[in-house]
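Q: A single structure is presented below for examination.
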């Protein structure tokens, strides 16, 4: 990050207003007031500072959502933009006297931290139109995932309450199948299934399922036979079960539409195509990597990116009593999970990755540790691919 600036403008962003604090190299406040969430006011503040003092660096504590407009206006004004992560800001705040928590104090800390400790800043990449769309789609898909998980857990809870044996048949993966959801929508629960009879349910399912459902229907009615008593509240629960099933089905269809749009978007993002050329990296994983690390422009080396992701071991030494390297508990969780997941998938389907994983397991490393080592190794390749803009080239693993 370039430190040759005349004003460091820290913005503590908010939904309706932002508090701005501008510091010059002599630590004098040249700007200290609230700014509305308005393009004209933000533009006037930045252009006036540029006109009166010179180069301005705008620092935000949140570059997305409520901070998206200040970032866009600052970029349009020609000012440089930086992002101070929340954890770094909170650690820096402990260095300043006082325990008060105000927007004015936070804005001053953001500006002064950027002025005195530029290494804590992260660059805000200029997003392309496609990357901006991808960010919205990924956020929506993530929200839908959480909503679907809550709906599934609620449906399982209702089934456990009225008929535990039937719920045990619907394992986590089986319950989300369309045919099972259709069954619950049509027959509502244990009472409806018993009333329709085994032959009637089989007849209906055969007309609506692609595969032979006999094994599933047999398991359902075997479970129904294990319980003869009716639990109080079963009637009310069975009136709610089809609603949850219908909701899960609708949410899954909506998520499928989001995934289809993301697949189409891959054609307009060359960097996404580069990432997905590596085994184990799909569109979702590549999207998470892009959203967490951008175009890798903020990282000079693969080791720097590995430390940011939290997959590089941390060295701890103190005299002669403490020596060694330990797994990092910090880092960007989204990026770390994406790299770990892709390495896990690659260890099962890619011969090069599997050979390296097996070698680490032969060194008596646990599964997670071996996958993490593989993720770190793959990150070197991924970093080189992104920097050069080249696709992955498969190589045959050397014989042991």
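Laboratory data are not the source of any read-out in this text; all were calculated from the coordinates shown. Everything numeric here is computed off the predicted structure, so don't read it as measured data. Reconstructed Cβ throughout: ideal geometry from the backbone, glycine too, with neighbour counts over all protein chains shown.
Q: Return the FRET efficiency for the residue pair residue 91, residue 199: r is the Cβ-Cβ distance, R0 is 60 Å, and the value is rounded to the nearest 0.05.
A: For R0 = 60 Å, the calculated efficiency reads 0.35.
Q: Of 69, 131, 42, how do they rank once you tally other Cβ atoms within 10 Å and put the fewest first?
A: 69, 131, 42
Q: Can I ask one more? Along Cα→Cβ, 7 Å out, is where each label goes; now give me the distance between the ones at residue 68 and residue 301 in nm to one decimal.
A: 3.7
Q: How much length, in nm to one decimal, is gained on full extension between residue 394 and residue 160, taken as 0.36 nm per residue of separation minus their Cα-Cα distance?
A: So the chain would gain 79.4 nm between residue 394 and residue 160.
Q: Quick one: length gained pulling residue 316 to residue 215 fully straight, 0.36 nm per residue minus the C-alpha distance?
A: So the chain would gain 30.8 nm between residue 316 and residue 215.
Q: I'm checking a number: the convex hull volume of the Cα atoms of the range 122-195, normalised per residue, in Å³. What is it?
A: Here the figure is 117 Å³ per residue.
Q: With springs only between Cα atoms under 10 Å, which of 332, 48, 64 fluctuates most in a Gaussian network model of the chain?
A: The residue with the greatest mean-square fluctuation here is 48.
Q: Answer rounded, prolate or oblate for the range 327-372, using the Cα gyration tensor with square roots of eigenvalues a ≥ b ≥ c: rounded when a/c is under 1.5, else prolate when a/b is larger than b/c, else oblate.
A: oblate
Q: I would also like to ask the following. May I ask what percent, to the nearest 5, of DSSP beta bridges between residues of the chain are antiparallel?
A: So the antiparallel bridges amount to about 70 percent of the total.
Q: Going by alpha carbons, how many degrees (0 to 90, nearest 10) lie between the helix axis of 178-187 and the longest principal axis of the chain?
A: The two axes meet at around 60 degrees.
Q: Sticking with this one: How would you order 133-141, 361-369, 225-233 from highest to lowest mean count of nearby Cβ atoms within 10 Å?
A: Result, highest mean first: 133-141, 361-369, 225-233.
Q: Give me Rg/Rg_expected for the chain, where Rg uses Cα atoms only and Rg_expected = 2.2 N^0.38 Å with N residues.
A: Compactness ratio reported: 1.28.
Q: So for the pair residue 380, residue 122, with labels modelled 7 Å out along Cα→Cβ, what separation do we get in nm?
A: Roughly 2.5 nm, to one decimal.
Q: Could you tell me the distance between the Cα centroids of the range 87-163 and the range 20-42, to the nearest Å?
A: With the range 87-163 and the range 20-42 each reduced to a Cα centre, they are spaced 24 Å.
Q: Let me ask something else about it. Does the range 270-388 come out rounded, prolate or oblate, given a ≥ b ≥ c as the square roots of the eigenvalues of its C-alpha gyration tensor, rounded meaning a/c under 1.5 and, failing that, prolate meaning a/b above b/c?
A: Judged from the Cα gyration tensor, the range 270-388 comes out oblate (a/c at least 1.5, b/c at or above a/b).
Q: How far apart, in nm, are two points set 7 Å out from the Cα along the Cα-to-Cβ line at residue 34 and at residue 177?
A: 5.8
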